[in-house]
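The values are calculated or read from the model by the stated rules, or taken from the named source; none is laboratory data. Since the model is a prediction, treat every value here as computed from it, not as a measurement. Note that each Cβ is placed from the backbone with ideal geometry, even for glycine, and that neighbours are counted across all protein chains shown.
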Amino acid sequence: MTVQEPTPLHFSAALPQQVAFDRAELSTILSLYGRMVAAGEWRDYAMSFLRDCAVFAVFRHTAETPLYRIEKHPRLRNRQGMYALIGMTGQVLKRGHDLPGVLSPLERKLIRSV
């Protein structure tokens, strides 16, 4: 009599194929975006949903590099926080666990521009 080895379980279906912003996160980001557009600061945006991160980039003009990128890296959830605000030069301006806290430098900029 032969003993059958248990078949290995594959949890590939449980792992997301891409990272995305959920409805609440997107609502927070688009609320800020709408206010910045109304203030004349921003004009266009782009979203990228990759395997390891989601990116929301804002532009002053369509044909240039993004002014800011708001990134979500779920693998950094237990370390520095999964949200990051990145400037035009690639410099991390703020990183944290909650999205409104990470977007606070942009909120302050909005108060000054209005």
Name the residues in segment 52-68 that are over 18 Å from Asp22 (Cβ atoms) and either modelled with pLDDT under 90 or not aromatic (Phe, Trp, Tyr) (or both), would you? Ala57, Val58, Arg60, His61, Thr62, Ala63, Glu64, Thr65, Pro66, Leu67
Cβ pairs under 8 Å, 6+ apart, first in segment 16-27 and more than 9 Å from Phe49 (Cα to Cα), second part of a helix (DSSP H, G or I): Glu25/Leu99
The correct count of residues that are within 16 Å of Asp22 (Cα to Cα) and assigned to a loop (DSSP other than H, G, I, E, B) in segment 82-102 is 3
Checking Leu30 against (1) in a helix (DSSP H, G or I); (2) modelled with pLDDT under 85, the condition it does not meet: (2)
